[in-house]
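What follows draws every value from the coordinates through simple rules; no lab data is involved. Because the structure is predicted, anything quoted here is derived from the model rather than measured.
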Amino acid sequence: MKKIILIIAIIAAGLFCNPLNAQKAKFGHVDYAGIIEVMPETDSAQVAVKQLKADLEAEAGVMQQEFQTKYEDFSQKQATYSPAVAKVKQKELEDMYQRLQAFAEGAQSQIQAKQQELLAPVQEKVLNAIKEVAKAENYTYIFDISTVAYGWDSTDLTDKVKAKLGVK
């Protein structure tokens, strides 16, 4: 049984590694990030993300200012507080600081989610254009140039994909 599996594996490897089969494969590459960057939808997505970021930074600024004010007030009046009141005030400041930290983390996640949401249709559009170019010109594989360390006998299809999308 093991010999049969080994023979089948050798035959299959021979079929896939056959130089005649390798010659039939066409390889291409694109600058995916470069295409995304020149898409008009990317600009509007970036504007929306920048606006969200500015709004969240403003809200964080208000929270930071409130924390700073309460901290300075606590620092100035700490000597006049009883130990119990000082402990309560200190706990309020710690809680406020933790809320500020949680807000900052949540804001970062919110910005990333918004960016992904807005860029998803652009990415899908680019991928569809890549697929159309690949099918029209009989390419077996099209790679993103940012993930390829070395390419031999590969055609740059970036301009063709851009033309398909109507961008320069």
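For Rg/Rh (Cα atoms, Kirkwood Rh), the listed values are (i) 1.41; (ii) 0.97; (iii) 1.33; which was obtained by calculation from the structure presented? This structure yields the entry labelled (iii).
Taking the helices alone, the chain has a mean residue ellipticity at 222 nm of -26500 deg cm²/dmol, built from -39,500 (n - 2.57) per DSSP H run of at least 4 residues and averaged over all its residues. For segment 24-165, relative contact order (Cα pairs under 8 Å, six or more residues apart, normalised by length) works out to 59 percent. Taking 0.36 nm per residue of separation and subtracting the current Cα-Cα distance, fully stretching the chain between Q112 and A163 would add 15.4 nm.
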